[in-house]
Amino acid sequence: MIDILIVDDHPVVLDGTKTLLQDLENVHIETEQESANVASRMETQTFQLFLIDINMKPINGIQLAEMIKKIQPEAMIILYTGYELSDYYELLVEKKVDGLLSKLATKEQVIQTIQATLRGEILLSVDFLDFVKQHSNRSNAKQEVLLSHKEQEILQLVAQGCTNKAIASAIGVTQRTVENYLSKLFVRLQVESRAEAVIVAKEKAWID
């Protein structure tokens, strides 16, 4: 029996995802709405696979995945998101997660991705190969990380002490979008906090 924990801070999505997976054989599925509760649940329960929403508070999916891997290195983790999966391919390359899913995926795609992960395989679209090639070229050429104007603008506002809500208002996007930008930036800059991101950005002269 495979024990799966689904973590999502939206109750409707959480229940819907659990219902979607009822057809999986030999699995026991549990859910958790609060990402901050996962560590304590792992003290009394063992889950082989975690299906985690990326955009959560106070601990986002990327941070939660890292925490889980530290506690249980053999745990399998699939992140799912409403944003572009290609934004998170680097997590696969660095083996920080074991699979990625789009919230727009069909029931069949969700089940196939989970089954592939349980077999130790990765099920992704063909554009992942393009990413791997580009990633390899960047590594070989030792190129610097390049940030978009929007990413630099967000880091500049972070350096000024603006909250995510204030940043969202300033650049005309939702707060969730800002959180998504920051999550991706933390991965690309290999940092774990806003303060560390600002330090790196200033060292690279991306912001004042």
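The values are calculated or read from the model by the stated rules, or taken from the named source; none is laboratory data. Remember, it's a predicted structure, so these values are computed and weren't measured experimentally. FYI the Cβ positions are ideal-geometry reconstructions off the backbone, even for glycines, and counts take in every protein chain you see. The protein model used for the area step is the full one, side chains on, heavy atoms only, and it has no ligands, DNA or RNA in it. Shrake-Rupley method; radii C 1.70, N 1.55, O 1.52, S 1.80 Å.
Quick check on this structure: which one of 46, 19 is open to solvent by 20 Å² or more (accessible area, probe 1.4 Å), among the hydroxyl-bearing types (Ser, Thr, Tyr) and touching an Asp or Glu at 6+ places or on another chain (Cβ under 7 Å)?
Only one candidate passes the filter, namely 46.
Report whether or not residue 95 is surrounded by fewer than 16 Cβ atoms within 10 Å (Cβ to Cβ), within 22 Å of residue 131 (Cβ to Cβ) and modelled with pLDDT under 90.
It is true that residue 95 is surrounded by fewer than 16 Cβ atoms within 10 Å (Cβ to Cβ), within 22 Å of residue 131 (Cβ to Cβ) and modelled with pLDDT under 90.
Given the conditions (1) touching a residue at least 40 places away in the same chain (Cβ under 8 Å); (2) not in a loop (DSSP other than H, G, I, E, B); (3) not aromatic (Phe, Trp, Tyr), report the number of the one that residue 9 does not fulfil.
Result: residue 9 fails condition (2) only.
Mind telling me which of the residues 117, 106 ends up being open to solvent by less than 10 Å² (accessible area, probe 1.4 Å), out of contact with any helix residue (DSSP H, G or I) (no Cβ under 8 Å at 6 or more places or on another chain) and not aliphatic (A, V, I, L, M)?
Answer to the check: 117.
What's the number of the condition residue 94 fails, among (1) over 17 Å from residue 14 (Cβ atoms); (2) more than 15 Å from the chain's Cα centre (by Cα)?
Failing condition for residue 94: (2).
Name every residue in region 22-43 that is surrounded by fewer than 17 Cβ atoms within 10 Å (Cβ to Cβ) and in a helix (DSSP H, G or I), in order of residue number.
22, 23, 36, 37, 39, 40, 41, 43
Taking into account only those residues within region 189-207 that are small (Gly, Ala, Ser) and over 21 Å from residue 87 (Cβ atoms), which is modelled with the highest pLDDT?
Within region 189-207, the match that is modelled with the highest pLDDT is 195.
Would a scan of region 136-155 turn up a residue that is assigned to a helix (DSSP H, G or I), modelled with pLDDT of 90 or more and open to solvent by 70 Å² or more (accessible area, probe 1.4 Å)?
no
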